[in-house]
Amino acid sequence: MRSSLLLAAAAGLAVLASAACTAGNETAPGVPSAGSTPNREPVTITMWHGFSADNELKAFDDALAGFRAKYPWITVKTTKAVQDDQIIQSVRGGNPPDVALSFTTDSVATFCKTGLFQDLAPYLSGSRIDTAIFPKVIADYTEYQGKRCVMPMLADTYGLYYNKKLMKGAPPPKTLSELADLAKKLTVRDKDGAIKVAGFNPSAQMYENVPIHTAPMTGAKWTNPDGTSAIGGDPAWKQFMTWQKDLVDWFGYDNLEKFRKTFGDEFSADNPFMKGRVAMAIDGEWRNAMLAADAPGLEYGTAPLPVADDKPQLYGGGFIAGTVIGIPRGAQHNTAAWELVKYLTTDTDALVTLSNAIRNVPSTLPALQSPKLDKDPNFQTFLDIFANPASTTLPAHINSAFNQQTLQEAQEAWESGRATDLDALLAGVDKKINDKLKLTAGG
């Protein structure tokens with residue numbers, strides 16, 4: 001569910017998916033009708049998912065136990081550690097699972113446009129599911145061109161982590177100016193100017209500082225209604241990248257890169273925030289579980305991301321994405337498959353069980369309000385960000401991974417000084433994205 005790891009895998013997905021786009025009815029028989037009595041004939045369905053860690057697998061089994069108790073006539077056979085390309089190949093080969101779960105929302109437009117996943121509108125209507133139980137922002141990453149082919153199952157939200165000892169009593173910053181000032185104040189250098197402790201690492205190459213996570217800090221937009229790039233024409237991108245470059249220049253790009261390259265693996269106990277080498281860092285809600293396991297003695301706090309000084313209304317929001325689940329084209333047991341999808345995405349106890357175990361955000365408003373949900377202060381921050389109307393996501397786009405990578409590369413060129421004309425750089429981003437769109441729009 002971590003966007004910075006999934007980008008490369010998603011980039012190759014559209015190639016596989018375009019080959020999987022074949023004619024046929026996307027929604028097979030078995031769609032429930034309103035008020036119908038469920039068929040209780042014993043049935044075995046298959047489900048593929050990407051969970052692999054022991055704690056994740058146990059949590060998922062615990063959630064499935066609730067499903068089995070409610071639907072004893074449905075047997076669920078699961079396959080773990082499955083990636084999106086395997087799902088696509090199974091659809092192409094005519095032997096898909098009944099239910100498939102994806103860790104990346106970058107694939108949603110492809111799934112919906114090509115019919116790889118079935119349109120869920122008839123299922124939702126037949127089951128009388130009120131989609132108002134989901135925060136509005138979720139529609140942006142579970143639908144494409146008005147078609148919902150996946151449902152949300154848990155979410156990731158991003159905020160600011162801060163080391164209380166290194167902050168020396170300072171409150172977490174709420175604006176970009178405050179973040180820059182505090183980053184400078186808390187930075188410690190040796191006698192030669194090398195960075196020993198960074199107040200904040202502003203580089204776009206720093207772990208979770210990717211454009212999709214930082215865009216909400218200035219309210220930057222990705223696309224126009226017609227799917228073309230809005231990046232070059234939205235002053236918010238220029239606002240953020242100017243702020244970012246100014247802070248990178250204060251550190252010195254070479255100094256910052258030398259410091260960054262001493263860091264350990266992001267998802268290990270050597271993470272620099274967990275080691276006290278960075279006072280503040282952008283990260284997802286799942287970092288709480290890692291801190292509890294690998295740095296239990298670290299005193300830290302969490303807060304929403306700082307925002308542009310002239311846009312205080314954005315404070316409290318952040319970036320949202322998550323795990324999605326649906327019924328592939330060609331599934332053999334649609335009715336039973338839908339019962340499982342519906343349960344895992346709308347049942348409050350199931351979502352709370354998963355959230356409490358793996359510390360992702362439950363993706364419905366009732367689950368957020370459940371008294372069974374573990375709500376320590378540091379995790380509560382991310383629950384609040386998820387429910388905040390200022391939170392945004394990356395709208396589903398057929399070239400989602402390409403668009404992100406194109407802007408990421410531009411940000412790296414800008415902060416390093418390889419590119420010196422920001423307007424021309426962003427115009428070039430628009431051209432690359434729009435040229436790619438022309439090639440894929442008819443596919």
Notebook entry, point to check: So which of THR262, THR242 ends up being open to solvent by 10 Å² or more (accessible area, probe 1.4 Å) and either touching a residue at least 24 places away in the same chain (Cβ under 8 Å) or under 21 Å from LEU425 (Cα atoms) (or both)?
Noted result: THR242
Notebook entry, point to check: If we scan the stretch 58-70, do we find a residue that is surrounded by fewer than 20 Cβ atoms within 10 Å (Cβ to Cβ), in contact (Cβ under 8 Å) with a residue 12 or more places away in the chain, among the charged types (D, E, K, R) and closer than 26 Å to ASN403 by Cβ?
Noted result: no
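Restricting to the stretch 300-353, name every residue that is in a helix (DSSP H, G or I) and either touching a His at 6+ places or on another chain (Cβ under 6 Å) or among the basic types (Lys, Arg) (or both). Explain how you work it out, then say what you get.
Pass one, the stretch 300-353, residues in a helix (DSSP H, G or I): 312-314, 334-346, 348-353.
Of everything in the stretch 300-353, just one residue is in a helix (DSSP H, G or I) and either touching a His at 6+ places or on another chain (Cβ under 6 Å) or among the basic types (Lys, Arg) (or both), namely LYS342.
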Margin query: Looking at the stretch 287-299, can you tell me whether even one residue there is loosely packed, with under 13 Cβ neighbours inside 10 Å, touching a residue at least 12 places away in the same chain (Cβ under 8 Å) and in a loop (DSSP other than H, G, I, E, B)?
Written below: yes
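Of the residues ALA350, ALA387, ALA337, only one is in contact (Cβ under 8 Å) with a residue 60 or more places away in the chain and open to solvent by 30 Å² or more (accessible area, probe 1.4 Å); which?
Values: ALA350 fails: open to solvent by 30 Å² or more (accessible area, probe 1.4 Å); ALA337 fails: open to solvent by 30 Å² or more (accessible area, probe 1.4 Å).
One residue alone meets the criteria, ALA387.
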Note to self: Which of the numbered conditions does ASN434 fail, given that it passes all the others? Conditions: (1) at pLDDT below 95; (2) not assigned by the TED database to the domain that holds VAL324.
What the structure shows: (1)
Item checked: Filter result for LYS136 (in contact with a strand residue (DSSP E or B) (Cβ under 8 Å, 6 or more places away or on another chain) and among the charged types (D, E, K, R)) -> no
Item checked: Residue under evaluation GLU208, criteria (1) modelled with pLDDT under 95; (2) touching an Asp or Glu at 6+ places or on another chain (Cβ under 6 Å), criterion not met -> (1)
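Any residue in the stretch 190-204 that is within 30 Å of TYR144 (Cα to Cα) and open to solvent by less than 20 Å² (accessible area, probe 1.4 Å)?
First pass over the stretch 190-204, keeping only residues within 30 Å of TYR144 (Cα to Cα): 204.
Still in the list and also open to solvent by less than 20 Å² (accessible area, probe 1.4 Å): 204.
Yes: one or more hits.
The values are calculated or read from the model by the stated rules, or taken from the named source; none is laboratory data. Being a predicted model, the structure only gives us computed values, none of them experimental. Cβ coordinates were reconstructed from backbone atoms using ideal geometry, including for glycine residues, and neighbour counts include every protein chain displayed. Ligands, DNA and RNA are stripped out before the accessible areas are found, and what is left, the full protein with its side chains, is counted by its heavy atoms. Shrake-Rupley method; radii C 1.70, N 1.55, O 1.52, S 1.80 Å.
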